[in-house]
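One structure is given here, and the rest of the page talks about it.
The values are calculated or read from the model by the stated rules, or taken from the named source; none is laboratory data. Keep in mind the model is a prediction, meaning the values are calculated, not measured. Note that each Cβ is placed from the backbone with ideal geometry, even for glycine, and that neighbours are counted across all protein chains shown.
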Amino acid sequence: MAAAALKNRIENLIAMAQLLERVDANPTIVGAQQYLNLVNTVKTLLGEDDLPEDALRAVLRACPASATLYENLHYDRSGLSQSPLDAAVSSEMAATELISGLRARMH
């Protein structure tokens, strides 16, 4: 792929990821369909396999909403790789406790 085209795609990802951050911070600035379109655009850009790993990681570190989206798209391969470890562990423990409580009520 030409360097100019790759640079353009990285710049598009950065711009859309930053826009998603702004919209996530203030969801009232767009409608539901606009939000869905934005999320789908970011998903498409994150799904491009030939993005340089360092560029992708930089975007994911700078844009938590995109990092969460990326994590959800690639959960089968990477699990909660973008979530802070303490939040991931807390979520896992809460889910385990909830499941145990539900099982106890069923018996």
Whichever residue in the range 69-107 is modelled with pLDDT under 75 and more than 16 Å from the chain's Cα centre (by Cα) and, among such residues, is surrounded by the fewest Cβ atoms within 10 Å (Cβ to Cβ): H107
Among residues belonging to the range 20-40 that are farther than 17 Å from A58 by Cβ and surrounded by 15 or more Cβ atoms within 10 Å (Cβ to Cβ), point out the one that is farthest from the chain's Cα centre (by Cα). V30
In the range 41-61, what residues are under 13 Å from I10 (Cβ atoms) and surrounded by fewer than 15 Cβ atoms within 10 Å (Cβ to Cβ)? E48, D50, P52, E53, D54, R57, A58
Give the residue, chosen from A5, A15, that is modelled with pLDDT under 95 and surrounded by fewer than 17 Cβ atoms within 10 Å (Cβ to Cβ). A5
Restricting the range 6-19 to residues that are over 14 Å from R61 (Cα atoms) and in contact (Cβ under 8 Å) with a residue 24 or more places away in the chain, the one nearest to the chain's Cα centre (by Cα) turns out to be M16
